[in-house]
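Notes follow once the structure below has been shown.
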Amino acid sequence: MNAQLPAINLLILVSLLVAVLFLAGIRFGGWRLPLLSMALWAVVAIVAGTIYPAVIQRFVVQPNVTTREYAYIGRNVSATRAAMGIDKVETISLTSGTVTDAEVAKDSAPLADSRLLDVTEMKDRYSLDQGLFAFYSINDLDVDRYDVAGRSQQTMVAARELNPDGIPNKTWVSKHLIYTHGCGVVAASASQITSDGRPIYQEIAAEKPQLYVGTQQPGYAIVNTKQVEQACPNTTATPYEGTGGIVLDSATKKLAYAIHFGEFNLFGSSLITKESRLIDVRDVSDRVSKVAPFLHLDADPYPVVDGGKVLWVIDAFTTTSRYPYAQEANTDNLTAGSGLKHNFNYVRNSVKAVVDAYDGSVVLYVVDPTDPIVRAWSKAFPGLFTSADQVPATLRAHFRYPEDLFRVQTNLYGRYQFTDTDAFFNRDSAWSVAQAAQRQPEVAVTAAGDVTAATGATSQADTGNVADANVARFEPYYTLFHSPDTVGLTVAPTFSLIRPFVPFSSDDTRKELRAFMVVSSDPATYGQLKVYKYDGTLPAGPATVSAELSSNPSISPVITLLNQQGSRVILGQLQIVPVGKGLIWVQPLYVRPDESGSKQVFVRRVLAWYDGEAVIGDTLTEAINRLFPKAKVNLGEVVGDSGSNTGTDAGTGTDPGTDTSTDPGTTPGTDTSTTDPVVLLEDAQKLFDEADVALRDGDLGTYQSKVDEAQALIAKALAQLNA
């Protein structure tokens, strides 16, 4: 920059000279002076504006970067920490210790709060079980917290939205007057399942369950017409009582909208009355963008039932790329469609937008009044924003810290944790976001993931930037976090995001767990960032744990058998569970059919790891008791049977990977009396082959029977291996 400033000043003077010479050319005629002046300007621009600064940077600055750029590096560190909101992180030192059976037995709550349901894999399961009709759909799952069975639990929440493609009779009346809304919010504890691996659903009661505004609601709806709307399940149709939309009480309005949408029925239909209302812009993100287009919106709106109403909450950000000296944010691993997918070096989640799903009203709550950008917008548009102290406490209890903001902060924090310029520049103590765990057992983590180092603008100081290896990085996840520094204390868990770090290495060989960062979403501690840093011997990181789980000789045969014969194994979120002074890792395993259109997804097994020992169990309780035999815990994660509220998959109707205790009986070619695990697994393979033949022949009954018998043999083999 010190070399560029003189060049810029020189270019200003040359530009003035060029202007004078142009005027002289006009006054005295001829093109010689203007052409010479333009050539002079081009030479100065190339030499002084580009070549000279590059030469100074290469031969003067870089050989002496620690002295030449020292002051600017310090400013870059301070500015980046402040601009990205990572300057007030609380650091808590830990020592990796052991976990005893007695500690697990005494404090099993962290394990009971482990998440068995996955937001990605369970969306199809929800759609199958809770879609109810073709004209409803489950577009997304979100993690929240509600009281379930008398205690606060992680809850997988989904809105049952309108599916225009599923409307049975696609006439204008059906699409715009009858099928006008989605219906209700369904939830299930993320930590509890039925005996056959399905969620345990419950409908969250709402006085007005109709969802006229949602995440994927195209087109318009007309309410209060002579045509009765489709009623929500188990309810009767009632007239629309909200104030949303435009009242079509005049021929002029009808004609205007008929022209706007190119639809004559809006003007000519006798079903529309003077009390009818047209509701348009029904996508929640579009609706907020219409009100405040200068806010950058999160890509993941989530539903909240509060006060009998269904509300959509969407995080809104203010950003700028002009914060002096601050490093540009890394945005390579953000959610698709994220409002943070652009260049910036300052960010705040200053606004929570709340949209009523019934009448579409929008309230913009300013939750960070210290943000100068939102303060400026508030002055520019008086009355647009609402103070955070007006947020109802029951609604505030469901606010979540945004995942994408946490991704941006953790991407930078590994390097910008330091306040000392020398420590920052040397980077010998820097961290990287931990490598991702495997989600497909047969495929190792590849280099298709994120790059966690950001590239700075040319005007920034030379900070000695060295990029992390180009591998997939651990994704943050919501959890009920039990802090390891509160062992022995009666402290409730906090609903938090968590993401681990490993020591920095340019070739990505360091995979030990160096630290993990959590950020609270609880109202009393919302936005508090904490880093739990390990001193001394470092425990294994998620990539190491994941590899050991998949390659363990007692686990890999089970995965192999489940991962064939028309079924596919998917590993869920690998989770860090602090217990005592140590860490236990938990990972659910799902099985689903290979058919592309199938939505039958089941929690079939749970993997657990502690101190180099990897186990698999039919349930989380079984897996933990194998790791800690004397603990004899009952985590209560299996509740009841499959229930009557679950759907059946169109197509095969099969239940892949079902674990039963069916006696194989007299199936030809199997010896049920043997106790040799190898023989048992070979017999199970034969049964799977026979099941495959039956499936090809269309004999679903025989197919299921053979699968059940094979699963029983696998269970017997596992029992022998673990004996």
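Just so you know, all these numbers are worked out from the coordinates, no wet-lab data involved. Treat the numbers as computed from the prediction; the structure is a model and nothing was measured. Positions of Cβ are generated from backbone atoms using ideal geometry, with glycine treated the same way; all protein chains shown enter the neighbour counts.
Once phi is turned into θ = phi - 60°, what whole-Hz ³J(HN,Hα) does the Karplus curve with 6.51, -1.76 and 1.60 give for every residue of segment 588-604, x standing for Gly and Pro?
My calculation for segment 588-604 gives x, 10, 10, 10, 9, x, 6, 4, 4, x, 6, 10, 6, 10, 10, 7, 9 Hz in order.
In terms of modelled amide H atoms, which long-range or inter-chain residues lie less than 5 Å from the amide H of V639?
Answer set, sorted by chain and number: I193, T194, S195.
Report the chymotrypsin sites (Phe, Trp or Tyr not before Pro) located in segment 265-332 that are in a DSSP loop and have at most 13 other Cβ atoms inside 10 Å of their Cβ, or state none.
Within segment 265-332, the qualifying chymotrypsin sites (Phe, Trp or Tyr not before Pro) (loop, at most 13 other Cβ atoms within 10 Å) are F294.
Spelling out what I want: for every residue of segment 183-196, take phi, set θ = phi - 60°, compute 6.51 cos²θ - 1.76 cosθ + 1.60 (Karplus), and round to whole Hz; glycine and proline get x.
In residue order, the calculated couplings are 9, x, 10, 10, 9, 8, 4, 6, 10, 9, 9, 7, 5, 9 Hz.
What helices does the chain hold that run 27 Å or longer along their axis, going by alpha-carbon atoms, with a Kyte-Doolittle average of -1.0 or more, using DSSP H for the helix calls?
4-28, 677-696, 700-721
With an 8 Å cut-off on Cα pairs and a minimum separation of 6 or more residues, tell me the relative contact order of the chain in percent.
14 percent
Hey, rough spin-label estimate for A251 and S195, points 7 angstrom out along Cα→Cβ, what's it come to in nanometres?
6.9 nm
One-quarter of the Cα convex hull surface for segment 331-370, in nm²?
It is 4.0 nm².
Let me have the 222 nm mean residue ellipticity of the chain computed from DSSP H runs of 4+ only, each contributing -39500 (n - 2.57), with the sum over all residues rounded to the nearest 500.
It lands at -8500 deg cm²/dmol.
Would you mind checking which residues have amide H under 5 Å from S321's amide H? H placed 1.01 Å from N; only 5 or more apart, or other chain.
Answer set, sorted by chain and number: N345.
What percentages, rounded to whole numbers, describe P(r) for segment 237-333 computed over all alpha carbon pairs with 10 Å bin width beginning at zero?
12, 28, 27, 20, 9, 5, 0
Packing-wise, with mean Cβ within 10 Å as the measure, how do 607-618, 223-234 rank, highest first?
The peptides rank, most packed first, as 607-618, 223-234.
On full extension of the chain, what length is gained from Q390 through V281, given 0.36 nm per residue of separation minus the C-alpha to C-alpha distance?
Computed gain between Q390 and V281 is 36.6 nm.
Under a straight-distance cross-link criterion of Cα-Cα below 12 Å, which aspartates and glutamates are reachable from K686, leaving out those fewer than 8 residues away in the same chain?
Filter leaves D671, E709.
What nm distance separates the two modelled labels at A109 and F133, each placed 7 Å from Cα along Cα→Cβ?
Once both label points are built, they end up 4.4 nm from each other.
When only alpha-carbon atoms count, how far does the chain stretch along each of its three principal axes, as whole angstroms with the largest first?
110, 77, 53
Once Lys and Arg get +1 and Asp and Glu get -1 on their Cβ, which of M38, V99, G566 lies farthest toward the positive end of the dipole of the chain?
The residue sitting most towards the positive pole is M38.
Relative to the present Cα-Cα distance, how much length would full extension add between T236 and N426 at 0.36 nm per residue of separation?
61.5 nm
Using a 7 Å offset from the Cα along the Cα-to-Cβ direction at both S505 and V491, what is the distance between the two label points in nm, to one decimal?
3.2 nm
Residue by residue through segment 305-311, what is 3J(HN,Hα) from phi via Karplus (6.51 cos²θ - 1.76 cosθ + 1.60, θ = phi - 60°)? Round to whole Hz and write x for glycine and proline.
Ordered by residue, 3J(HN,Hα) equals 9, 9, x, x, 10, 8, 10 Hz.
By how many nm would the segment from M38 to F418 lengthen if fully extended, with 0.36 nm per residue of separation less the alpha-carbon distance?
Full extension from M38 to F418 adds 132.0 nm.
What GluC sites (Glu not before Pro) in segment 104-208 are in a loop by DSSP, with at most 11 other Cβ atoms within 10 Å of the Cβ?
When the GluC sites (Glu not before Pro) of segment 104-208 are filtered for loop state and at most 11 Cβ neighbours within 10 Å, E207 remain.
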